[in-house]
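The structure under discussion appears below in the form of structure tokens.
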Ligand code: AMP
């Protein structure tokens, strides 16, 4: 089934319902949204795009994003969404790897791309795009559940990005799991797109289309905490996806102005570790509005969920442990913990997290070597380490490559980071291993701290919380941590900084 049918159905049954917004301004209802996407599909076919072809979307978050995405699907092609913050060179690499026929761009990204490739680009603000949307309406091309819908290039905190083949079937499974496990969606709700639509935030558009909810792109085109708080007051109930660093930032912004986040219905967080101290503060301030998900491009948004009640629970004995977990399996997947060969381990043992089920990819785009390394015995090997407790809650340790091995003992940076973050003066922290002749590696911490915080204070704090051998042997105070375009801390960059410090 082509995912565009959900849009066709909503347009048929509730065509006059408000659909697309730029800031607070409505730009289309569902009938207009579908009609414009049908026009785009016709225009794409006229330009030689046929079912199975790939079309790049290198655009910042604007309402046309969804018109383009559905237009591509209606004509049977697949979308290749590229993060608008990528360099033109990186975007060219993805255009080439996907073999895309053309790209949709916004003015800024169009300029960045044009400097590196002569791939035909269509600027969605140009009259040519308006002409496309007004073309004759296309019928929805038939697509099967195993057909490519979205070619997702992983964010690449580790080396060259690989293209995950996300099919129409995976998207349907992921969206239905949202309704079953994450949150309900009603027509009065609004999906607010602050995180890049080329990633999880955009994937969540689908379930909002199914339910005929509103889609709101902030006028700033990105993440501005104050803009969100104002939009929620004016246009709520709003739901949105946020990286943990964004949650930290809205809590800071809201506590400063006394804003309790009226109009925010649900904040789904994930994509990186959320520290217990940060989420406790966020729930204390905003109330039970938070749901955590754990996913990866290879099983988009749909591995586990820590529901609203669990995130807000401060009563059940052991609530802290659950809050530090990523929750339980979503309804469409099965979880396992395996050793390096993919053999299942017992509950409680730390090993590699394995997933199988409906939203799990069959493989990477034109990369059988990477596929056979990642899919073993029918399981997706996530590359994340963790353990399952007796109640089915999954706790992530670190990616296998991030584990610090000091004197033959494994130290999980996340545990040390959690301990440091309970110190009032620590805003952000990243812990990693430094080469050490005697121990192999020892533990060091990069810290964004409030003024006056000393190394001695942090040392005393760690000694009171964690085993002595886990405490950092050195602290590096910094103004901020390097992050990728999705807000994930780039440990690779911190490792490079360390190397520079010690090689000189
Ligand atoms: P990507 O494929 O770019 O979405 O990155 C996925 C990776 O982000 C996962 O394999 C995890 O390492 C990490 N990740 C995703 N969700 C969470 C979460 N809730 N907590 C901690 N790490 C997460």
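Within the set of pairs 6 or more residues apart or between chains, which connect a residue that is more than 12 Å from residue 359 (Cβ to Cβ) and at pLDDT below 95 inside region 149-177 to a residue that is part of a strand (DSSP E or B) and within 15 Å of the ligand (Cβ to nearest atom) with Cβ atoms less than 6 Å apart? As it stands, the answer is 153/163; 161/153; 162/364, since those pairs meet every condition given. Restricted to region 235-306, the set of strands (runs of 3 or more DSSP E) holding at least 2 residues that are more than 13 Å from the ligand (Cβ to nearest atom) and more than 12 Å from the chain's Cα centre (by Cα) comprises 238-242, 264-269. Taking residue 383 and the conditions (1) on the phi < 0 side of the Ramachandran plot; (2) within 23 Å of the chain's Cα centre (by Cα), which numbered condition does it fall short on, given that it satisfies the others? The single condition residue 383 does not satisfy is (1). When we screen 127, 81, 63, 145 for residues that are over 21 Å from residue 174 (Cα atoms) and touching a residue at least 60 places away in the same chain (Cβ under 8 Å), the only hit is 63. If I ask for residues that are surrounded by fewer than 22 Cβ atoms within 10 Å (Cβ to Cβ) and free of Cβ contacts under 8 Å to residues at least 60 places away in the same chain, which ones from region 204-230 would you list? Passing the criteria: 220, 223, 224, 225, 226, 227, 229, 230. Among the residues making up region 372-388, those that are assigned to a strand (DSSP E or B) and within 13 Å of the ligand (Cβ to nearest atom) are 380, 381, 382, 383, 384, 385, 386.
Here 187, 195, 201 are screened, and the one residue that is part of a loop (DSSP other than H, G, I, E, B), in contact (Cβ under 8 Å) with a residue 12 or more places away in the chain and within 16 Å of the ligand (Cβ to nearest atom) is 195. With a requirement of 1 or more residues that are within 16 Å of the ligand (Cβ to nearest atom), the strands (runs of 3 or more DSSP E) lying completely within region 389-488 that satisfy it span 394-399, 426-436.
Of all residue pairs spaced 6 or more apart or on separate chains, those with beta-carbon atoms under 9 Å, a first member in region 277-302 that is in contact (Cβ under 8 Å) with a residue 12 or more places away in the chain and closer than 17 Å to residue 427 by Cβ and a second member that is within 11 Å of the ligand (Cβ to nearest atom) and in a helix (DSSP H, G or I) are 278/244; 279/244.
Applying the selection to region 231-246, what residues are buried (at least 20 other Cβ atoms within 10 Å of the Cβ) and either farther than 25 Å from residue 489 by Cβ or in contact with a helix residue (DSSP H, G or I) (Cβ under 6 Å, 6 or more places away or on another chain) (or both)?
231, 232, 238, 239, 241
Condition check: modelled with pLDDT under 95, under 27 Å from residue 361 (Cβ atoms) and touching a helix residue (DSSP H, G or I) at 6+ places or on another chain (Cβ under 6 Å). Does residue 113 satisfy that? When the stated conditions are applied, residue 113 passes them.
Within region 62-77, the set of residues being touching a strand residue (DSSP E or B) at 6+ places or on another chain (Cβ under 7 Å) and crowded, with 24+ Cβ neighbours inside 10 Å comprises 65, 66, 68, 69, 72, 73, 77. Reported count of residues in region 366-380, each being crowded, with 16+ Cβ neighbours inside 10 Å and in contact with a helix residue (DSSP H, G or I) (Cβ under 9 Å, 6 or more places away or on another chain), is 1.
The values are calculated or read from the model by the stated rules, or taken from the named source; none is laboratory data. Note that the structure is predicted; figures quoted are calculated from it, not measured. Here Cβ is always computed from backbone atoms with ideal geometry, including for glycine, and neighbour counts include all displayed protein chains.
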